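Can you keep this structure in mind? I'll have questions shortly.
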Amino acid sequence: MDAFIPYAKQQVDEDDIASVVSVLRSDWLTTGPQVASFEQELAETVRARYAVVFSSGTAALHAAYFAAGVGPGDKVITTPITFAATANAALYLGARPVFVDIAPGSFNINPDLIEKFITNRTKVIAPVDMTGLPAPVEAIMEIANSCGLIVVEDAAHALGASYKGQQVGSRADMTVFSFHPVKHITCGEGGAVTTNNPEYFEKLVIFRSHGMVRDQNLLKNNHGPWYYEMQHLGYNYRLTDIQCALGLSQLKKLKQFLARRREIAARYNEAFAVCPYLITPPAASGAEPAWHLYVLRLAGDNPPRRELAERLHERGIGTQVHYLPVYRHPYYQDLGYPAGLCPNAEDYYQRAITIPLYPAMEDTDVERVIAVVLEEVDILYK
């Protein structure tokens with residue numbers, strides 16, 4: 001029987017293992033030289049001035065919203081087609097997420113709809129680079145700048161992506177990345193915020209370590225060289241040297257990982273474009289996607305998504321759905337968000353199915369996925 005092909009999987013090699021072991025044999029296990037090195041390399045990779053690493057992508061989102069000044073009663077505009085953390089991090093600070101529909105035929109927020117949702121309580125616009133396709137951040141930055149708002153780009157799917165030559169990570173006021181095992185590189189768990197703004201940088205660093213300040217230039221009091229003080233209600237969101245050693249090793253292979261993801265996506269696009277029952281992922285002129293996920297959409301009025309997922313699983317092909325619109329989760333329903341809030345997002349959700357895409361896939365795996373998907377789709381639609 002053929003081996004099961006999951007929808008995503010990390011790729012860790014002996015170099016990665018050796019990097020982690022070297023830290024385990026060193027004097028530093030938590031916040032030490034590997035953290036600083038990883039931050040510097042990451043900032044250079046995405047062409048940003050600063051990078052601050054966190055214990056998860058969710059922690060990084062929380063910190064970015066904090067640095068943006070989000071607080072009780074404020075509003076954060078985002079898309080419903082995202083992992084819940086993009087919205088949840090606003091709730092952590094007492095703010096309310098505002099969901100703006102995705103553009104027709106797109107996976108990303110529709111910038112043409114944003115302005116009508118802006119009020120005097122709006123603080124942040126948080127576009128998401130869904131599946132690794134860069135969101136229209138340039139247009140969103142124009143809106144934000146005209147209204148005095150801050151843009152936090154959720155690029156958890158988009159490390160290594162670019163738009164018209166500009167790297168994701170340097171386009172918005174702050175950009176958030178994730179290093180979960182299924183992402184482009186992994187630290188086991190981890191996240192980061194990149195920015196060019198020194199004030200945001202200082203707030204991010206303070207927030208991830210209990211709101212504590214040690215910098216002599218930032219202290220409100222000074223009792224001696226040992227002195228530190230808590231200036232904000234921060235969190236223990238630090239990333240360890242062990243994790244950053246893995247991240248540094250993985251970052252060296254980012255170009256290799258991206259090249260393989262793009263190769264697989266190109267083969268999928270070629271194979272599935274001729275099938276009348278499947279809609280391949282959207283493209284954007286000038287964009288170089290990072291292809292974190294490959295999401296097909298099923299055509300027709302009643303797409304047989306559940307049946308397809310079950311049949312593919314039976315044949316050893318893993319799938320997932322990214323995502324249930326955030327406002328449809330029971331917790332958000334209890335907060336008063338109505339079902340059907342964003343029609344394009346609802347239509348997308350009914351059709352979307354994520355199929356396997358990760359660098360360790362062999363060509364034979366890719367061809368097997370193609371063959372099985374086309375066979376099962378043909379059976380279900382006929």
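The values are calculated or read from the model by the stated rules, or taken from the named source; none is laboratory data. As the structure is a computational prediction, the values presented were derived from the model and not from experiment. Cβ coordinates were reconstructed from backbone atoms using ideal geometry, including for glycine residues, and neighbour counts include every protein chain displayed.
Quick one: count up the residues across region 30-56 that are over 16 Å from residue 167 (Cα atoms), hydrophobic (A, V, I, L, M, F, W, C) and buried (at least 18 other Cβ atoms within 10 Å of the Cβ).
Of the residues in region 30-56, 5 are over 16 Å from residue 167 (Cα atoms), hydrophobic (A, V, I, L, M, F, W, C) and buried (at least 18 other Cβ atoms within 10 Å of the Cβ).
A quick yes/no check of all residues on (1) in contact (Cβ under 8 Å) with a residue 12 or more places away in the chain; (2) part of a loop (DSSP other than H, G, I, E, B):
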site: 300; (1), (2): yes, yes
site: 306; (1), (2): no, no
site: 337; (1), (2): yes, yes
site: 340; (1), (2): no, yes
site: 344; (1), (2): yes, no
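Tally time: how many residues in region 346-366 are in contact (Cβ under 8 Å) with a residue 24 or more places away in the chain, out of contact with any strand residue (DSSP E or B) (no Cβ under 8 Å at 6 or more places or on another chain) and under 30 Å from residue 12 (Cα atoms)?
4
Suppose the filter is farther than 21 Å from residue 182 by Cβ and at pLDDT below 95; does residue 340 pass it?
Yes: the conditions hold for residue 340.
If I filter region 358-382 down to residues being in a loop (DSSP other than H, G, I, E, B) and within 29 Å of the chain's Cα centre (by Cα), which single residue comes out as nearest to residue 279 (Cα to Cα)?
Filtering first and then ranking leaves 358.
Let me ask something else. Given the options 203, 255, name the one that is crowded, with 21+ Cβ neighbours inside 10 Å, among the charged types (D, E, K, R) and either under 21 Å from residue 123 (Cα atoms) or modelled with pLDDT of 95 or more (or both).
203
From (1) within 18 Å of the chain's Cα centre (by Cα); (2) surrounded by fewer than 21 Cβ atoms within 10 Å (Cβ to Cβ); (3) not hydrophobic (A, V, I, L, M, F, W, C), pick out the condition that doesn't hold for residue 163.
(2)
Same structure again: Considering (1) over 26 Å from residue 366 (Cα atoms); (2) in contact (Cβ under 8 Å) with a residue 60 or more places away in the chain, say which one residue 227 fails and leave the rest.
So residue 227 meets the others, but not (2).
Pull out all pairs, ordered by first then second residue, where Cβ-Cβ is under 8 Å, the residues are six or more apart or on different chains, the first lies in region 282-294 and is not assigned by TED's automatic domain parsing to the domain that holds residue 133, and the second is crowded, with 24+ Cβ neighbours inside 10 Å and basic (Lys, Arg).
From residues that are not assigned by TED's automatic domain parsing to the domain that holds residue 133, the pairs are 292/183.
Name the residue, out of 288, 263, that is within 25 Å of the chain's Cα centre (by Cα), farther than 21 Å from residue 345 by Cβ and buried (at least 18 other Cβ atoms within 10 Å of the Cβ).
Exactly one residue qualifies, and that residue is 288.
Considering region 85-97 alone, what residues qualify as being under 19 Å from the mean Cα position of the chain (by Cα) and either among the basic types (Lys, Arg) or surrounded by fewer than 19 Cβ atoms within 10 Å (Cβ to Cβ) (or both)?
88, 91, 92
It is to be established whether one or more residues within region 130-141 are surrounded by 24 or more Cβ atoms within 10 Å (Cβ to Cβ), under 30 Å from residue 242 (Cα atoms) and not hydroxyl-bearing (Ser, Thr, Tyr).
Among the residues of region 130-141, at least one is surrounded by 24 or more Cβ atoms within 10 Å (Cβ to Cβ), under 30 Å from residue 242 (Cα atoms) and not hydroxyl-bearing (Ser, Thr, Tyr), which makes the answer yes.
Can you tell me which residues in region 169-192 are under 11 Å from the mean Cα position of the chain (by Cα) and surrounded by 24 or more Cβ atoms within 10 Å (Cβ to Cβ)?
If the condition is that a residue be under 11 Å from the mean Cα position of the chain (by Cα) and surrounded by 24 or more Cβ atoms within 10 Å (Cβ to Cβ), then 175, 176, 177, 178, 179, 183, 184, 191, 192 are the ones that fit.
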